[in-house]
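Here's the structure, in structure tokens; my notes come after.
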Amino acid sequence: MTRLDAVVVGAGPNGLSAAVTLARAGLRVQLLEAHDQVGGGLSSAGLTLPGFVHDLGSAIHPLAVASPAFRQWPLHAFGLRWVYPEVPAAQTLPGGRSVLLRRDLDATAESLGRDGAAWRRLLGPLVADWEGLLHDILRPLLRVPGHPVTLARFGLRALPPAEALGRALLRTPEARALWAGLAAHSALPLSTPGTSAMTLVLAVLAHAVGWPLPAGGAQAFADALRAYFEHLGGEVLTGVRVDGPRDLPPARVTLVDSSPGVLLRLLGDRAPAAYRAQLEGFRYGAGIQKFDYALSGPVPWASPDLVRAGTVHVGGSFAEIVHSEAGWRSERPYVLAAQPSLFDAGRAPQGQHTFWAYAHTPNGSAADVAPQVEAQLERFAPGFGERVLARHVTTAPQLQAFSPVFGGGDVNGGASTLWGLLARPNLAVTPYRTPVRGMYLCSSSAPPGGGIHGMAGHNAALTALSDEFGIGEVP
Ligand SMILES: Cc1cc2nc3c(=O)[nH]c(=O)nc-3n(C[C@H](O)[C@H](O)[C@H](O)COP(=O)(O)OP(=O)(O)OC[C@H]3O[C@@H](n4cnc5c(N)ncnc54)[C@H](O)[C@@H]3O)c2cc1C
């Protein structure tokens, strides 16, 4: 048997994009995945009743359609089709009201009344150069910026805590609640410096590219990546868990789409003590508890506008969301929800619907938050409970057992604090490299962090190609 050029351990979105990047360069690549299907946090299954398709991890994919890697690949030829909800995201408000984050920046600004001008000022210039912005932030941060003006503009506003920036820039309850609902994606208390970064990126993407979902579910996207990889000559082995160095097939390079802890296990005694100590100190953000529902009809939102949105941030006000995210033990939790079958009919039997939702919990907590989550849903959608045909719950420890990347149930694969983004998993100019030649980390525990963009895998693969094969440059 000819020796492999490259092995990729783990077929999450980052493992898949690493494998595709290496195969596109003409390498002989093998991709190993513990589960029977590829995708990791980008996969779907029938968790509830026959005919209902649920996304196990990601549901909504703004970073994927903006990703410099995914955008350049012909994934549509391998079955990927994007579905765009009319409204990217919405925020519930007390009194059966809501506020919409529309695709159009001006329409959103107009709907925000006296905060419209502030919204335009904050986001307009970033939306105008969104490609430049993403080029500079979807890679290790210790780099000379390619778009310094945009990056400086972003950085000034990204550094403060989302709570402080929201209070300073916005006045109306509607705009403030919208801001807090976006900020809560960070899985950190909104008083944490740097939480404005994810808030801004999500808002910019809503206006620049939309927040779409793959027709058929997240699995269709992962399967398209797999099919493209196989078309390029790559080999996928599923049902293969790599537990230690002896499980690794010989290859010139090995890329690991897993946690820093698993990486250390695979490096074994080749990892120097200092590197081991750095990775053992790797920190995670909040965990989540996730709820997948099979419903007899659409969610009966008190605000009828909410059926226009793919994503709904459920929570009453700026203060309520700030409180909920401060310790993740609130009686009125912030609930992040998606309603895919409203826009993609194939996800559920005719007239019935899927509903995807999660609330943050302390990292690693298995405490049942269903009563609080369902009380919140009932508050903003009276009669919700009567539509529930079946429910599937995933706790934070179960999520970690599904993929070690989601340590303690953290969907971002590591805390998105300023330090957590800079030193991911350690402070280095090119943190995909390990001290062991030929071994690389390519998961969301490396830059740029969580989300379906494939850029950790792509950048790690480009680094390996340059280091070991003399192909191209380190990104
Ligand atoms: C509930 C939830 C909701 C989310 N929602 C969104 C969303 O709407 N939009 C969005 O952009 N992002 C979302 N995310 C985040 C996104 O899913 C993750 O950032 C992304 O999946 C991380 O990709 P990854 O490849 O780094 O890791 P993973 O997706 O975890 O993939 C790692 C893969 O490697 C395999 N693996 C690991 N170790 C080994 C080993 N030793 N041997 C063999 N195989 C191994 C695992 O089985 C897994 O398949 C969500 C995540 C979760 C959990």
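The values are calculated or read from the model by the stated rules, or taken from the named source; none is laboratory data. Please read all numbers here as calculations on a predicted model, not as lab measurements. Heads up, the Cβs are rebuilt from the backbone with ideal geometry, glycines too, and the neighbour counts pull from every protein chain shown. With ligands, DNA and RNA removed, areas are computed over all heavy atoms of the protein, side chains included. Shrake-Rupley method; radii C 1.70, N 1.55, O 1.52, S 1.80 Å.
The stretch between residue 466 and residue 81 holds 135.4 nm of extra length on full extension. This uses 0.36 nm per residue minus the Cα-Cα distance.
Extension gain, residue 296 to residue 273: 0.36 nm times the residue separation minus the Cα-Cα distance gives 2.7 nm.
Projected label points at residue 227 and residue 350, each 7 Å from Cα along the beta carbon direction, are separated by 2.6 nanometres.
Spatially, the range 203-231 and the range 388-447 are offset by 20 Å when compared through their Cα centroids. Accessible area per residue for the chain is 36 Å², calculated with a 1.4 Å probe on protein heavy atoms, without ligands, DNA or RNA. Between residue 419 and residue 152, the modelled label-to-label distance comes to 2.9 nm, taking each label 7 Å out from Cα in the direction of the beta carbon. Among the protein heavy atoms of the chain, carbon and sulfur supply 54% of the accessible surface, probe 1.4 Å, non-protein parts ignored.
Defining a contact as two alpha carbons under 8 Å apart and six or more residues distant in sequence, what relative contact order in percent does the range 303-413 show? After rounding, I find 21 percent. Projected label points at residue 240 and residue 168, each 7 Å from Cα along the beta carbon direction, are separated by 5.1 nanometres. Estimated from helices alone, the mean residue ellipticity of the chain at 222 nm is -10500 deg cm²/dmol (sum of -39500 (n - 2.57) over DSSP H runs with n ≥ 4, per residue).
Applying the criteria of a DSSP loop state and at most 16 other Cβ atoms within 10 Å to the GluC sites (Glu not before Pro) of the range 281-355 yields 331.
Once the chain from residue 143 to residue 28 is taken as fully extended at 0.36 nm per residue, the excess over their C-alpha distance is 38.4 nm. So what does the Cα-only Debye profile of the range 345-475 read at q = 0.11, 0.14, 0.17 Å⁻¹, as log10 I(q)/I(0), no solvent term? Taking Cα atoms of the range 345-475 as identical point scatterers yields -0.58, -0.79, -0.96. As a length-normalised measure over Cα pairs under 8 Å and 6 or more apart, the relative contact order of the chain settles at 25 percent.
Each peptide in 120-127, 439-446, 234-241 receives the mean, over its residues, of other Cβ atoms within 10 Å, and ordering these scores from highest gives 439-446, 120-127, 234-241.
Oblate is the label for the range 1-152. Its Cα gyration tensor axes, ordered a ≥ b ≥ c, give a/c of at least 1.5 and b/c at or above a/b.
Using a cut-off of under 19 Å, list every residue of the range 278-296 whose amide N is near the label point 7 Å from the Cα of residue 393 along the Cα-to-beta-carbon line. Under cut-off, by backbone N: 287-295.
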